[in-house]
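Taking it in order: structure first as structure tokens, then the write-up.
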Number of protein chains: 2
Amino acid sequence: MSFLKKSLALMCVLFLAKPVFAIEEDGYDLWLRYRPLDSHSGSKLAQHAQAIVYAAEPSQTVNAAVAELRRGVGGMSGRTPATVRKLRDGALVLATPASMPALKDLNLPMVELGTEGYLLRGVRLQGHRVTLIAANSDVGLLYGAFAWLRLARTGADLATLTTQSTPKVKLRMLNHWDNLDRTVERGYAGESIWDWWSLPDIRDPRYVDYARANASLGINGTVLTNVNSKAEVLTPAWIAKTAAVADILRPYGIKVYLTARFSAPLELKEASTADPLDPAVAAWWKSKANEIYKAIPDFGGFLVKANSEGQPGPQDYGRNHADGANMLARAVAPHNGVVLWRAFVYSPESREDRAKQAFNEFKPLDGRFDSNVVIQVKNGAIDFQPREPFHPLFGAMPKTALGLELQITKEYLGFATHLAYLGTMYEELLKADTRLRDVGPTVAEIVDGSFHHTSSTAMAGVANIGSSRMWSGSHFDQANWYVFGRMAWDPRATARDVAREWVAQTFSAKPVVVDAVTEMMMTSREAVVNYMTPLGLHHLMDTGHHYGPGPWVDNLQRADWNPVYYHKADRNGVGFDRGPGGSNAVAQYAPAWSRVFSDPHTTPDEYLLWFHHLPWDYSMRSGKTLWQEVIAHYDAGVLSVADSQARWVKLKPSIDPLRHADVAARLAVQLREAQWWRDACIAYFQSVSGLPLPNGVRPPPLTLDQYKARRFSFAPGRG
Amino acid sequence: MSFLKKSLALMCVLFLAKPVFAIEEDGYDLWLRYRPLDSHSGSKLAQHAQAIVYAAEPSQTVNAAVAELRRGVGGMSGRTPATVRKLRDGALVLATPASMPALKDLNLPMVELGTEGYLLRGVRLQGHRVTLIAANSDVGLLYGAFAWLRLARTGADLATLTTQSTPKVKLRMLNHWDNLDRTVERGYAGESIWDWWSLPDIRDPRYVDYARANASLGINGTVLTNVNSKAEVLTPAWIAKTAAVADILRPYGIKVYLTARFSAPLELKEASTADPLDPAVAAWWKSKANEIYKAIPDFGGFLVKANSEGQPGPQDYGRNHADGANMLARAVAPHNGVVLWRAFVYSPESREDRAKQAFNEFKPLDGRFDSNVVIQVKNGAIDFQPREPFHPLFGAMPKTALGLELQITKEYLGFATHLAYLGTMYEELLKADTRLRDVGPTVAEIVDGSFHHTSSTAMAGVANIGSSRMWSGSHFDQANWYVFGRMAWDPRATARDVAREWVAQTFSAKPVVVDAVTEMMMTSREAVVNYMTPLGLHHLMDTGHHYGPGPWVDNLQRADWNPVYYHKADRNGVGFDRGPGGSNAVAQYAPAWSRVFSDPHTTPDEYLLWFHHLPWDYSMRSGKTLWQEVIAHYDAGVLSVADSQARWVKLKPSIDPLRHADVAARLAVQLREAQWWRDACIAYFQSVSGLPLPNGVRPPPLTLDQYKARRFSFAPGRG
């Protein structure tokens, strides 16, 4: 037998030797994998969970916590603990002051925990050494159970635990952009997990796993439908479907919300106008709210996109956002409901810099919104770009509850194919100093209410969840769901810490894996910025689907839908002048920033072309010309992807074959597409600058027309 | 503790006691479940598979067969056999004459097996007692391996095996109606499993399981795209995607086919016409075929829907179907490709009875099609109704290869919610006697080529497969995929036998389960006929989505899209007169049938209103009036669903909870909707007949207008 034949035969044997019922690593289990630990760690774990104690009648929520602990301990240690009522040594004890009055003897800082926080501690309780998961509420116990499992999985010393945590933001929400026909706008993970057609009768067991995953992060609300959804979502049939989902999510501490199309009463032909100041309209919404709350007593409320991108809204009747939001808010207020009103607005008529419009419309309304209205503001003033400076509304509306809207799905960052960990983007935003004072507050301190002492706080993430077996379309995109949830719980969490704990739970807790994968993640978003839109460039993506480069696009109906609107490149220079001589968007920031952003020499490189239009030979801090620097960034982006790819290849022995192959295939696509972005953008900018490529720079292999000719008719996510 | 509390606590314990890593019965494994047998059966099984012997270098196909045997034996017996080259006692031996020349000593009927058949037999081979899986080809071995596993799973005596089988139909194909944007026309199982966007780079492991499932049935071809697909499917990008799928399916003996939009050269702007007699057009298709075969050397060929429902075709240029089909056939002929040309045509202009049009267009072309053209004919002349008489084209084109097209997805039979086992429908069709002679041939004898001695034979099933975890949208819909495949292999198989073997593999081989579930299945399609369209009524479904009753619909653009066109109910009577005094469609059948169908008194009840318009007081064989009989059938349909529901409830102890609950939920929907169908149709027919309800008949609870008012804007499957 030749060597080749021998190798083939061996490979065949190895392939066939795979255990028949191996747990398949298809990604479905997310970060809740609970695979067996090594026997030493497993038995140590089991020592601390010899039984699970809950001393009272369990609620559905407590049952969920207990079931999760049994699943986790059983999976990791091979020993599933019994559930008992009486204390015993080595037990894991779930306790609220109500379920276990003896708790008060321990003098724990229960008040600090609030209604959702938890405390994990090894204690001696009525003579028994136990691990305590304590909270003031059942959902606090559930969060505590997940936290304990997370610590167990990531190698914490369970013997010396003394952890406590409370969420810093009140509403921690997913926003699904899921349509009623099960398509998902900007969804790259298959169709909606909400099988509306078969609801309420058929309840996919997956809904429970969705609830578990969210509860494990502390997410406590979910908007089931797209902000662009049809009015039918408010009809009785859909309310019944929503109620079925609410029943499944309730034990996990998750409230459901729906999107409200502002013109719904009109479109459903139940009113002759949608004017928010018309008493009949207000009555319609009040009655609709009553109908919903009858079916879903803890319904969260409405998310509204109004007067934006052609959607209906109060301005259609000469009213303002406060008129619209407050009318809806009053409909849900008697039920303790909330209205989340999006600040992502720009007008089809206005010729004003699009980056300025939301601020201009909302800032004057500060203080005019009801107390149960949250204005939901995107991280930046344009639209979920790979990098934007923080939105100037943060800090500018002290008398208004401002919620933060992040995009988890990667509309502008390579869909579910490109590896781009958004933790660094979220952290960059949350740590951004608004400079309202000499130092601070940060955006996080605005969002968590600590600066303006607002209690109505919210963080929303546009979900990247679909019917894809791996939920988010790729293994690494699960990390973006994860980090959103972790940072919504604690906006001061760092991207690196969260990445490390995600990797340890999802792939492996081995340091070689955690270190290398974390490094891939930490560099990934900057790579995307570099190969797509370096130095403050933005919105260069192709039309509609936003897949691939389209810096040349100039034929769309509205000026501010065209990439050329944003980069304004020509023979003389490139960039959007938002300084005092331009749109003066800089004036929307605090004076300290306004000064910095007004001058290209003080503007940080990463925002340079966001705020300034500069000549191609502008001299950069690096000593390069702007033209050289742009090209260098494009090349650096491509190189960074190649680095990640090399790191991943080396990890092959430590990662299961199925996931290793899938990630490798995606990295290969990403590298090819990073190169394409780099080539197409350089070809385009060269065509307008007329400049030669610097020495040593590889020319794009195709002509500009060839890049322009590429079409992607069936790109996903068109909704 | 109160009794209630005790019960709750006990339920809680039972719930939590579920093993942590139980193999979840989510339906993904289809009929290839291979769950552990009881220890006695398991060890008997293992005795007959102590090792797997294959004496030569394995091909990919042999590797697939070996892997399946190891997976199956390992799963069922707990002992995974080693793979070896040398014979030993108790081995399972895969052998072709080429891989094991000693085979010829056994004097087996190898010639009878042809290129795809297999033989299973306990033999003494070179001194060893072994179980032989013999075939003339590797794919024959694969089919044999699946057959052996099926027998093992369904309780056959493996010691005395002596089975051989060859497929009776040459092309056994799935037709996916899957669009390039991943929607599925008439798909009720989620979006397409073909993730076109991420192909060819990302190869979902699910594609392999799809191949396994199909190979287990002997399906050897699959048309990946919808007959209404866009022309882009023939562009280089899509050819590359198709090639990736072909590479994955090839080891499993499955060829890929694509749909060809007749106007593709025109739409892709690569020709100025699509006239099939224009040499430039023929050259375009030849070059396109060459391009495809370069990427996929064993590409199957094209499926074409032409001049039907507004699709382009040769008639747009004054040519006929033979002109169109032959032109395409000549493009693929040098590569041994096939053109499947659909006979489902009806013209927007013609006022002829739609049931007659396909026959009228195709019969005159008999003998004019090239030898590599198959005319693909639906089971009946209208469109996949719950019941239709067999299509009159079967037997009418002796000089033409006629393939049979069945619909597996239940467009007109309750989507994936209603339980309707189609085995009985397929069997009824295949056993139908065409009466070309005194007795016979049956439709099966036309389709399998035995009557006209055609070698080019085909059976195609419009797939019900999607991204749904359970593949077909419901557990029971998997049985329709299964029975299609089994009957394509052997059109003489009986629905009952196939149901029994499916139940034994899928749910449980326990007689109590097999008997009860088979009974549910065997009665299910007749139930649907009764509660939707009894006594030959047809096409009463609501507009577009075909969900729910719409017998009143009369406002669609084309007459033959309206239910009223098909039932013609008024005060005087109901039914479509297709007798000599009417459209005379009966004349398209053999004279013996034509006579029978011409007279309502000889026409079988089940086709009565298909062929006749009769007064409401027409006296039926039962002694009832037609009006009474229609109502009695509607009631019988509802009752039959209730019976199935009761049977299922009793099976609870024998079925895993997840699948039991899912089926129970669907049966509840089906019962509610059967009642709705019954109520709405009776309300409607009463409104036109003006007749009172017979004594004891429950009146519909709503008014006709209330039934009419129901709307289903987001029904799935709109493609």
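For every residue, the table says whether it meets (1) open to solvent by 10 Å² or more (accessible area, probe 1.4 Å); (2) in a loop (DSSP other than H, G, I, E, B); (3) free of Cβ contacts under 8 Å to residues at least 40 places away in the same chain; (4) among the hydroxyl-bearing types (Ser, Thr, Tyr).
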{"site": "A:VAL483", "(1), (2), (3), (4)": "no, no, no, no"}
{"site": "A:MET522", "(1), (2), (3), (4)": "yes, no, no, no"}
{"site": "A:ASN530", "(1), (2), (3), (4)": "yes, no, no, no"}
{"site": "A:THR543", "(1), (2), (3), (4)": "yes, yes, yes, yes"}
{"site": "A:TYR547", "(1), (2), (3), (4)": "yes, yes, no, yes"}
Quick check on my filter: what residues within the stretch B:665-677 are within 11 Å of chain A (Cβ to nearest Cβ) and open to solvent by less than 40 Å² (accessible area, probe 1.4 Å)? B:ALA665, B:ARG666, B:LEU667, B:VAL669, B:GLN670, B:GLU673
Could you grab me the full set of residues in the stretch B:442-462 that are of a type in the set (S, T, N, Q), surrounded by fewer than 22 Cβ atoms within 10 Å (Cβ to Cβ) and touching an Asp or Glu at 6+ places or on another chain (Cβ under 7 Å)? none
Which ones in the stretch A:678-700 are among the aliphatic types (A, V, I, L, M), surrounded by fewer than 20 Cβ atoms within 10 Å (Cβ to Cβ) and within 19 Å of A:SER640 (Cα to Cα)? A:VAL697
Matching residues in the stretch B:600-629 - criterion: being touching a helix residue (DSSP H, G or I) at 6+ places or on another chain (Cβ under 6 Å) and among the β-branched types (Val, Ile, Thr): B:THR602, B:THR603
Residue, surrounded by the fewest Cβ atoms within 10 Å (Cβ to Cβ), within the stretch A:224-244, restricted to residues that are modelled with pLDDT of 95 or more and hydroxyl-bearing (Ser, Thr, Tyr): A:THR235
State yes or no: is A:MET397 under 20 Å from the mean Cα position of the chain (by Cα) and either within 21 Å of A:GLY301 (Cβ to Cβ) or open to solvent by 10 Å² or more (accessible area, probe 1.4 Å) (or both)? no
Taking the stated definitions as given, is B:GLY155 surrounded by fewer than 24 Cβ atoms within 10 Å (Cβ to Cβ) and over 30 Å from A:PHE714 (Cβ atoms)? yes
Qualifying residues in the stretch A:417-441 (those that are of a type in the set (A, V, I, L, M) and open to solvent by 10 Å² or more (accessible area, probe 1.4 Å)) - the one nearest to the other protein chains (Cβ to nearest Cβ): A:LEU419
Is one or more of the residues making up the stretch A:319-330 small (Gly, Ala, Ser), buried (at least 24 other Cβ atoms within 10 Å of the Cβ) and over 26 Å from the mean Cα position of the chain (by Cα)? yes
Between a residue in the stretch B:20-34 that is more than 10 Å from chain A (Cβ to nearest Cβ) and any residue that is modelled with pLDDT under 90, which pairs come within a Cβ distance under 9 Å, given they are 6 or more apart or on different chains? B:ASP29/B:ILE23; B:ARG33/B:ILE23
Take the conditions within 14 Å of chain B (Cβ to nearest Cβ), touching a residue at least 24 places away in the same chain (Cβ under 8 Å), open to solvent by 10 Å² or more (accessible area, probe 1.4 Å) and not in a strand (DSSP E or B) and apply them to A:ILE248. Does it pass? yes
Restrict the check to the stretch A:648-666 and report whether at least one residue is in contact with a helix residue (DSSP H, G or I) (Cβ under 8 Å, 6 or more places away or on another chain), under 30 Å from B:ASN179 (Cβ atoms) and assigned to a helix (DSSP H, G or I). yes
Kindly indicate which of A:ALA306, A:ALA322, A:ALA280 is within 18 Å of A:LYS399 (Cβ to Cβ) and not basic (Lys, Arg). A:ALA322
Residue within the stretch A:692-703 that is more than 25 Å from A:ARG186 (Cβ to Cβ), in a helix (DSSP H, G or I) and in contact with a Leu (Cβ under 8 Å, 6 or more places away or on another chain) present: no
Does B:ASP662 satisfy the criteria of being within 14 Å of another protein chain (Cβ to nearest Cβ) and surrounded by 21 or more Cβ atoms within 10 Å (Cβ to Cβ)? yes
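Residues A:PRO348, A:PRO279: which one is modelled with pLDDT under 95 and either open to solvent by 10 Å² or more (accessible area, probe 1.4 Å) or in contact with a His (Cβ under 9 Å, 6 or more places away or on another chain) (or both)?
When all the criteria are applied, what remains is A:PRO348.
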Of everything in the stretch A:37-59 that's within 10 Å of another protein chain (Cβ to nearest Cβ) and out of contact with any strand residue (DSSP E or B) (no Cβ under 6 Å at 6 or more places or on another chain), which residue is farthest from A:GLY218 (Cα to Cα)? A:GLU57
One residue is enough: does the stretch B:365-383 have a residue meeting the conditions closer than 19 Å to B:VAL586 by Cβ and among the polar types (S, T, N, Q)? yes
What number of residues within the stretch B:168-223 satisfy the criterion of being open to solvent by less than 10 Å² (accessible area, probe 1.4 Å), away from every other protein chain (no Cβ under 14 Å) and not in a helix (DSSP H, G or I)? 11
Filtered residue count, the stretch B:457-498, keeping only those that are more than 14 Å from every other protein chain (Cβ to nearest Cβ) and aromatic (Phe, Trp, Tyr): 4
Can you name the residue in the stretch B:704-719 that is hydrophobic (A, V, I, L, M, F, W, C), touching a residue at least 40 places away in the same chain (Cβ under 8 Å) and assigned to a loop (DSSP other than H, G, I, E, B) and is also surrounded by the most Cβ atoms within 10 Å (Cβ to Cβ) among such residues? B:ALA715
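The values are calculated or read from the model by the stated rules, or taken from the named source; none is laboratory data. All figures in this text were calculated on a predicted structure; none of them were measured in a lab. Note that we place each Cβ from the backbone using ideal geometry, even for glycine, and neighbour counts take in every protein chain shown. Calculation scope for accessible area: heavy atoms of the full protein, side chains included, ligands and nucleic acids excluded. Shrake-Rupley method; radii C 1.70, N 1.55, O 1.52, S 1.80 Å.
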